[in-house]
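Structure record follows, encoded as structure tokens.
Bear in mind these aren't lab numbers, they're just calculated from the coordinates by the rules spelled out. Here the structure is a predicted model, which means the values were calculated and not measured. Because the Cβ atoms are built from the backbone with ideal geometry, glycine has one as well, and the counts that use them run over all protein chains shown.
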Amino acid sequence: MKIKLTVWRQRNRNAQGAFKDYEVEASPDMSFLEMFDVLNESLISKGEEPVAFDHDCREGICGACSMVINGSPHGPRQGTTTCQLHMRSFQDGDHIVVEPWRARAFPIIKDLVVDRSSFDRIQQAGGYITVNTGAPQDANAIPIGKAEADEAFDYAACIGCGACVAACPNASAMLFTASKVAHLSLLPQGAPERRDRVRRMVTAMDGEGFGGCTNHGECSAACPKEIGQDAITLLNREFMRAGVSAK
Amino acid sequence: MELDAKIPSGPIEKKWDKHRFEMKLVNPANKRKFRILVVGSGLAGASAAATLAELGYEVDCFCFQDSPRRAHSIAAQGGINAAKNYQNDGDSVYRLFYDTVKGGDYRAREANVYRLSQVSVDIIDQCVAQGVPFAREYGGMLTNRSFGGAQVSRTFYARGQTGQQLLLGAYSALNRMIDAGKVTMHPRTEMLDVVLVDGHARGLITRNLITGEISRWAGDAVILATGGYGNVFYLSTNAKGSNVTSAFRAYKKGAGFANPCFTQIHPTCIPVSGDYQSKLTLMSESLRNDGRVWVPSNPEDARAPNEIPESERDYYLERRYPSFGNLVPRDVAARAAKKECDEGRGVGSTGLSVYLDFAAAIERDGRDQIEDRYGNLFEMYERITGESPYRQPMRIYPAVHYTMGGLWVDYNLMSNIPGLHVLGEANFSDHGANRLGASALMQGLADGYFVIPYTLGHYLATGWQGKVATDHPEFDKAEEEVKAKVEKLMGIGGRTPVDVFHRELGQIMWDHCGMARNREGLQKALQLIPELRERFWNDVAVPGDSMELNPWLEKAGRVADFLEFGEIMCHDALDREESCGGHFREEYQTDEGEALRDDENYAYGAVWEYQGPDAAPKLNKEELSFEYVKLTTRSYK
Ligand SMILES: Cc1cc2nc3c(=O)[nH]c(=O)nc-3n(C[C@H](O)[C@H](O)[C@H](O)COP(=O)(O)OP(=O)(O)OC[C@H]3O[C@@H](n4cnc5c(N)ncnc54)[C@H](O)[C@@H]3O)c2cc1C
Ligand code: FES
């Protein structure tokens, strides 16, 4: 299949970027990133500069890949990362526009590669349970119902890719932050620090320059792990509770 | 090369306790004066960095991804073993130890494996305390599944994303220490050399992957937790960035590389679909709990799988290995699949796959139960192949997955270079010639949470030789070498993309040093690899600039190392004139086609020593002695 690509090219953080057009011969069984590999190999052979993009696991779990495809983070298929998207989701002759995540808190490093270290800093502000290695009691001493464990898992499944931010009209990191808060607050182990955690993580999030949440819901629609809006409801509840207890 | 494994004396179940008591400690006030350089933020690196920081050490941690959370451990699917015996089904520390030594085909060190089994139980406690959402029973207790090579149910799991959840647990512990100012994290930073001062590992040279800047780091000890080298085969289940570079640079500085030819080919991966294929996707071993492997009995049978009646299917694992059935260890299952395909019974358009069928399980337990257990794997399969495993069997084929070989370490996880410690998949310590499923996660976390925090202190208290600074001439030398290599790669000005060379190397390795090996093939590979390397250095195209983000330069550096390392693997495979675990030499097999081990002559760890460019590496041996596990022919019949 013949694909026409329009790709964002930007030399570095401070350079001016621009779209550039390419043509690629793809196969329906290729992944989207493999199509980029083919493009890049042909660019290299022609002595042109290939397109930089983030990727590693190529199986939808590391959260590295990050392309906005025809306006949607990770492209048209629901619950699918860019690396898991296959060309059979497109038609021969399609024109595909590819851009990086766009958000103030995710500055562009080069082409389609952005700096997501702000996400790490949010996690460092309390996205953990304080427990030293070697201190714990037997694992089965803390019974946790299957339903609660499953629910906590659903939020813990976040891969930290940033599609939620890229999809949000305000570039808010609410869903990302909420997933961690929800995961830990639903488990008994997370209870002792729940108030501090939510306060600190929200403060860190605001400090990184992410926008506020105005309930558009685009984040959940773009999330490759399909984390729902209820995470945000949970965060808000935790935040309220933390606020009340502070007084 | 001196190879003293430093195994403590005494009965095996007392060795670790005794050693912990006898090791020297660093007092709490002094710990903060020591700076530890940890390369890698996967399960092994993150758990080590966090725990050492908790103890009071100052830690610098490096990874090449943009975040420590993206280390390749994140991709592990099926589970983690531990001898908890929660199922009351006869498990014990001794049984896990026994299964692991046997599963490794008697090429691992008993004392290390025993310790691994001992600390396995603490790992689960630690992870639960961190909030890792393991699968549970309705009553709230942890549940288990079975993995290959074991007849008990001792594998803990978090759906099909166990590695992700364990790594996020370790990442959260790391974050806590970053928050506390005890760990400084350096993401998008690649280690390009280790610096030795007076023979001790005292520093690193790194490249900042965004700016291209080359930097020096001085420390009091170095820990490499940089993962496995399966990508030498180009196609593997490893993440694209996984590499041998840091281990290989240490090897060139004198560290012994042990059993490099021991690679694990995982039996259940999604088959290759075309030349553009960039990686292979694993379908977790846990699927063999419920999936049944078969091929049509008649090689000519071209019907769709669902149209082939039971009586015309060959469930060859169940037939050949009645007591373990579909749950034989990986090496056995992988070779059996290869045999079926080589003999013409493979399925799919290429004939290079076999069926993994869930129809019976769905019929027995219902679709919901199966979805609960494997939903995400089934989805992953459907996304890649466009076919639903709920409706038709999966098609699977073996693929390179894990490397048992790695840098040689003693009982303290220290290499033969004092101060250079190696953890996780990067070392060779626990899995012998074949790793059992769900044991890599266990080993990575055992090394990082529970072993290195003790043994590193002992080195600092007894072997450490005073502070060094980055203006030491050894740093000048190492930095110059690194810069020269970068410049050389940038200056070649060739026309051929790096991946072309990498694919070609992968093909050579797969053909001659893959699932089956023989003398002639290995000798041929030893001829082909240097030729390919020569072409690489004359014609590789590295676009862009070295002082910016340059993924092609990164890749070229890694492939350059693979191009040398592949040769060492072939030397190792050639030397080992026996078949054991993942190493199958066609000359050494039984009449039934099973591996034929030679304990008399090959019960050793083969440790390769660098002899300079263009010289063949030198073989050293660590003889293995088995006091507890009796060497028998592994039988899963
Ligand atoms: C698809 C898949 C599924 C698996 N499933 C299971 C399972 O179910 N159970 C099980 O027990 N095992 C499983 N394994 C194996 C297991 O995941 C790995 O062996 C284990 O996670 C390795 O952990 P590690 O910490 O040693 O290395 P990794 O997680 O690979 O981490 C390596 C780290 O080193 C860093 N690094 C590497 N080179 C450099 C360099 N030059 N400079 C700077 N940093 C560097 C990387 O950035 C990374 O942080 C699976 C493996 C794969 C591929
Ligand atoms: S590359 Fe890892 S999620 Fe896409």
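Within 11 Å, Cβ to Cβ, of B:ASP365, how many net charges do the neighbouring residues add up to if Lys/Arg are +1 and Asp/Glu are -1? List each step's numbers first, then the result.
Working: positive: B:ARG364, B:ARG367, B:ARG373; negative: B:ASP290, B:GLU363, B:ASP368, B:GLU371, B:ASP372.
Here the count lands on -2.
Between the C-alpha center of the range B:400-435 and that of the range A:95-160 there is a gap of 29 Å. Summing charges over neighbours of B:GLY344, with a neighbour being any other residue whose Cβ is under 13 Å away from its Cβ, gives -3 when K and R count +1 and D and E count -1. Near B:PHE248, once Lys and Arg are set to +1 and Asp and Glu to -1 for all other residues with Cβ below 12 Å from its Cβ, the sum equals 0. With helices as the sole contributors, the protein assembly as shown gives -11000 deg cm²/dmol at 222 nm; each DSSP H run of n ≥ 4 counts as -39500 (n - 2.57), and the sum is divided by every residue.
Please work out whether the range A:94-247 counts as rounded, prolate or oblate from its C-alpha gyration tensor, where a ≥ b ≥ c are the square roots of the eigenvalues and a/c under 1.5 means rounded, while otherwise a/b larger than b/c means prolate and anything else oblate?
On the way: a/c = 1.87, a/b = 1.70, b/c = 1.10.
Prolate, because a/c is 1.5 or more and a/b exceeds b/c.
How much length, in nm to one decimal, is gained on full extension between A:ARG241 and A:ASN140, taken as 0.36 nm per residue of separation minus their Cα-Cα distance? Please report the intermediate quantities before stating the final value.
On the way: separation 101, 0.36 × 101 = 36.36 nm, distance 2.92 nm.
Stretched out fully, the A:ARG241 to A:ASN140 stretch lengthens by 33.4 nm.
The reciprocal of the average 1/r between distinct C-alpha atoms defines the Kirkwood hydrodynamic radius, which for the range A:2-99 equals 13.8 Å. In loop segments of the range B:547-593 as defined by DSSP, the GluC sites (Glu not before Pro) with at most 15 further C-beta atoms inside 10 Å of their C-beta are B:GLU577, B:GLU586, B:GLU587, B:GLU592.
Figure legend: label point modelled 7 angstrom from the Cα of B:TYR94 along Cα→Cβ; residues of the range B:153-186 with amide N under 20 Å from it are B:153-154. Take each residue in B:496-502, count the other chain C-beta atoms within 10 Å of its C-beta, and the mean is 3. Using DSSP to call loops (not H, G, I, E or B), can you name the trypsin sites (Lys or Arg not before Pro) in the range A:20-101 whose Cβ has at most 14 other Cβ atoms within 10 angstrom? Passing both the DSSP loop test and the Cβ count: A:LYS46. In order along the range B:139-151, the phi-based Karplus estimate (6.51 cos²θ - 1.76 cosθ + 1.60, θ = phi - 60°) of 3J(HN,Hα) comes to x, x, 8, 6, 10, 9, 10, 9, 10, x, x, 9, 10 Hz; Gly and Pro are listed as x.
Could you tell me which of rounded, prolate or oblate describes the range A:146-233, using a ≥ b ≥ c as the square roots of the eigenvalues of the alpha-carbon gyration tensor, with rounded for a/c under 1.5 and, failing that, prolate when a/b is larger than b/c and oblate otherwise? Walk me through the numbers on the way to the answer.
On the way: a/c = 2.31, a/b = 1.29, b/c = 1.80.
Oblate shape, in that a/c is at least 1.5 and b/c is the bigger or equal ratio.
For a straight C-alpha distance cut-off of 22 angstrom, the lysines reachable from A:LYS2 (same-chain residues fewer than eight places away being disregarded) are A:LYS20, A:LYS46. Which entries in the list A:LYS180/B:LYS279; B:LYS252/B:LYS621; B:LYS14/B:LYS84; B:LYS477/B:LYS621 go over 21 Å, if you measure between the two C-alpha atoms of each? Pairs exceeding the cut-off: A:LYS180/B:LYS279; B:LYS477/B:LYS621.
Identify the chymotrypsin sites (Phe, Trp or Tyr not before Pro) of the range B:578-637 meeting these criteria: DSSP loop state and at most 10 other C-beta atoms within 10 Å of the C-beta. Show your work: numbers first, answer last.
On the way: sites: B:PHE584, B:TYR588, B:TYR602, B:TYR604, B:TRP608, B:TYR610, B:PHE626, B:TYR628, B:TYR636; in loops: B:PHE584, B:TYR588, B:TYR610, B:PHE626, B:TYR628, B:TYR636.
Answer in residue order: no site qualifies.
Rounded, prolate or oblate, given the Cα gyration tensor of the protein assembly as shown, with a/c below 1.5 counting as rounded? Taking the square roots of the gyration eigenvalues as a ≥ b ≥ c, the protein assembly as shown is rounded.
For the protein assembly as shown, the Cβ-based charge dipole about the Cα centre amounts to some 2320 debye (Lys, Arg positive; Asp, Glu negative; other atoms uncharged). A Förster radius of 56 Å combined with the Cβ-Cβ distance from B:GLU310 to B:LEU619 puts the calculated FRET efficiency at roughly 0.65. Residues of the range A:1-26 falling in the label zone of B:ASP545, defined by backbone nitrogen less than 13 Å from a point 7 Å along Cα to beta-carbon, are A:11-16.
I need B:ARG597, A:ARG121, A:ARG237 ordered by Cβ neighbour count within 10 Å, fewest first. Please list the in-between numbers first.
On the way: B:ARG597 23, A:ARG121 18, A:ARG237 14.
By the 10 Å Cβ count, ascending: A:ARG237, A:ARG121, B:ARG597.
Could you compute the FRET efficiency for B:ASP275 and A:ARG104, with r as their C-beta to C-beta distance and R0 at 45 Å, rounded to 0.05?
Numbers: r = 41 Å, r/R0 = 0.91.
The computed FRET efficiency comes out at 0.65.
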